[in-house]
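Report on the structure given below.
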Amino acid sequence: MNALGKLLRTTAFRLTLVYLAVFALFAVFVLVYFSWNTQRLVTEQITETVDSEVRGLRELYTQGGIRRLVYAIDARAVRPGSNLYLLTTAAGEGLAGNVSSLTAGVLETAGWAETGYRRLEDLDQSEHHALVQIVQLPGGFRLLVGRDLEERDRMRGIVFTAGRWSLAIVVVLGFAGGLFVMRRVLKRVDAMTDTTQTIMRGDLSGRLPIAGTGDELDRLAGNLNAMLERIEALMRGLKEVSDNIAHDLKTPLTRLRNRCEEALRTAEDESQYRAALESTIEESDALIRTFNALLMIARAESGQARDNMSEFDAAEVARGIGELYEPLADDQGIALRVDAPAATPVRGNRELVSQALANLVDNAIKYAGPVADASQANGAQPEIVVKAAGEGDRILLTVADGGPGIPEADRSRVVERFVRLEQSRSQPGSGLGLSLAQAVAHLHGGDLKLEDNQPGLRTVISLPRGGPVAATS
């Protein structure tokens, strides 16, 4: 399809035609109304002039009779630009005036009429039109006084000519302006189409061009670009997750298979088979926990969990997690303390917030044990503090330990899926705890912060009190 064909098929072109048609109809209506009103005003002026003449002539007839009337009509009829005058007897014989002929039957009826006529002094003897008033005088005489309509017709012609030219100029300029606007719009739409075709071919890095005018196309392009950035991030995350799953789950699955093969090959009695099965079940449970963590992260990142949000007390959640992990911390020789004296209401998904906080406490217990804790140098018992407190329009869930901490250069990397630092390879885990905590924080419109506890690590989940809607408003 050529450029002109594309232009003619655009919605903008059709809208331009509709607007031009509506405007043209409106212009025609205005023109007709103006012409009619002008004609009415000219006609009123003619009737007032003729009425005044008729009254004056009747008074002359009343005062001086037919002779004085004939004298007055003859005097007025020869003036330049005079009205039309005709005085006849009852039989129609002309007595005075400047009219040589009239349309047949005009003098038979008194009142106003439009008629064709010829003047006595006209050399070409062409017929003209006039608006006349016929008056019946005492004695059977008929008096006709009128005014030529050439002025009214000329005025109407001027109005129509000017209106036609004005309408033609407006239509041409409107059509040209519409084509100019349509070409600009079509150029921007074509640029967007080219970009979308690039994206459809698999290149998610493409973005729709923004002209910077702030119009509706810019707003649309901006929103679509934001959507494309989100899709690209999700696809990149999906690829990373797929790669990580393929890499990180291959090892435990291989280990499961090797243990089963070893049991089949070397086990000699029921106790050895049982030990192999128990080891297999333990490894399977770890895999199931990994998949559950992945599902919870996907659920949080997709936003589906927003449907189940309600108001709950974050301090109560902190106290519950503290009670749950206190025995495990005691077994590791760690003091677990909860600092949540006041209620801290927040709107969100209680299950996911509890799981995120549990992951942070579990990580702290793993990496803040007596062996790793620097406080062992002076014999002090390592401590983990779980805190829930309000700060302005947000609530903070904090887990602080005295372990080795995380170097600042690695803090942005450890929240990615399956990422485990070298010093944590000896500890059990999947590398998904911080990823889940960050996904839950983002789901609620908050964020996850990793800070230096000097020594150790302080992790903070910051959530808006009113939930994600309040955070984005």
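So the values come out like this:
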| item | result |
| --- | --- |
| Selected residue (criterion: nearest to residue 77 (Cα to Cα)) from residues of region 155-174 that are open to solvent by 70 Å² or more (accessible area, probe 1.4 Å) and β-branched (Val, Ile, Thr) | 158 |
| Long-range neighbours under 8 Å by Cβ, at least six apart or interchain, first residue in contact (Cβ under 8 Å) with a residue 40 or more places away in the chain within region 61-78, second open to solvent by 100 Å² or more (accessible area, probe 1.4 Å) and not β-branched (Val, Ile, Thr) | 61/68 |
| Residue 122 vs. criteria closer than 30 Å to residue 61 by Cα, out of contact with any strand residue (DSSP E or B) (no Cβ under 6 Å at 6 or more places or on another chain) and outside any strand (DSSP E or B) | yes |
| Condition broken by residue 177, with the remaining ones in (1) without any contact (Cβ under 8 Å) to a residue 12 or more places away in the chain; (2) surrounded by 15 or more Cβ atoms within 10 Å (Cβ to Cβ); (3) of a type outside the set (Phe, Trp, Tyr) satisfied | (2) |
| Whichever residue in region 90-111 is part of a strand (DSSP E or B) and not hydrophobic (A, V, I, L, M, F, W, C) and, among such residues, is farthest from the chain's Cα centre (by Cα) | 94 |
| Any pair with Cβ under 8 angstrom, 6 or more apart, that starts in region 305-324 at a residue that is closer than 18 Å to residue 441 by Cα and modelled with pLDDT of 90 or more and ends at one that is assigned to a helix (DSSP H, G or I) and charged (D, E, K, R) | 312/350; 317/350 |
| Among the residues listed as 43, 49, the single one being polar (S, T, N, Q), modelled with pLDDT of 85 or more, in a helix (DSSP H, G or I) and open to solvent by less than 40 Å² (accessible area, probe 1.4 Å) | 43 |
| Residue within region 73-89 that is farther than 30 Å from residue 153 by Cα and more than 60 Å from the chain's Cα centre (by Cα) present | yes |
| Among (1) at pLDDT below 85; (2) farther than 30 Å from residue 212 by Cα; (3) open to solvent by 60 Å² or more (accessible area, probe 1.4 Å); (4) among the hydrophobic types (A, V, I, L, M, F, W, C) - the single one residue 95 does not satisfy | (1) |
| Number of the condition not met by residue 230 [criteria: (1) modelled with pLDDT under 75; (2) open to solvent by 50 Å² or more (accessible area, probe 1.4 Å)] | (1) |
| Residue within region 135-154 that is open to solvent by 50 Å² or more (accessible area, probe 1.4 Å), touching a residue at least 24 places away in the same chain (Cβ under 8 Å), under 30 Å from residue 66 (Cβ atoms) and of a type in the set (D, E, K, R) present | yes |
| Complete set of residues in region 129-173 that are more than 16 Å from residue 46 (Cα to Cα) and not hydrophobic (A, V, I, L, M, F, W, C) | 136, 138, 139, 140, 142, 157, 161, 163, 164, 166 |
| Near pairs, Cβ below 9 angstrom, 6+ apart or cross-chain, from region 262-280 (at negative phi and open to solvent by less than 100 Å² (accessible area, probe 1.4 Å)) to any residue that is of a type in the set (A, V, I, L, M) and outside any helix (DSSP H, G or I) | 273/267; 275/267; 276/267 |
| Test result for residue 346, at pLDDT below 85, under 18 Å from residue 463 (Cα atoms) and open to solvent by less than 30 Å² (accessible area, probe 1.4 Å) | no |
| Residue pairs meeting the criteria (Cβ under 8 Å; at least 6 apart or on separate chains; first closer than 18 Å to residue 452 by Cβ and open to solvent by 10 Å² or more (accessible area, probe 1.4 Å), in region 377-398; second at pLDDT 85 or above and in a helix (DSSP H, G or I)) | 387/318 |
| Residue in region 66-85 that is aliphatic (A, V, I, L, M), under 30 Å from residue 178 (Cβ atoms) and either in a helix (DSSP H, G or I) or in contact with a Ser or Thr (Cβ under 7 Å, 6 or more places away or on another chain) (or both) present | no |
| In region 79-92, the residues that are free of Cβ contacts under 8 Å to residues at least 40 places away in the same chain, open to solvent by 50 Å² or more (accessible area, probe 1.4 Å) and not basic (Lys, Arg) | 80, 81, 91 |
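Residue-wise test of (1) of a type in the set (Lys, Arg); (2) within 30 Å of residue 52 (Cα to Cα); (3) over 23 Å from the mean Cα position of the chain (by Cα).
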residue: 136; (1), (2), (3): no, yes, yes
residue: 143; (1), (2), (3): no, yes, yes
residue: 164; (1), (2), (3): yes, no, yes
residue: 185; (1), (2), (3): no, no, no
residue: 198; (1), (2), (3): no, no, yes
residue: 201; (1), (2), (3): yes, no, yes
residue: 211; (1), (2), (3): no, no, no
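The values are calculated or read from the model by the stated rules, or taken from the named source; none is laboratory data. For clarity, every value in this text was computed on a predicted model and none was experimentally measured. Positions of Cβ are generated from backbone atoms using ideal geometry, with glycine treated the same way; all protein chains shown enter the neighbour counts. SASA here: full protein model, heavy atoms, side chains in, ligands and nucleic acids out. Shrake-Rupley method; radii C 1.70, N 1.55, O 1.52, S 1.80 Å.
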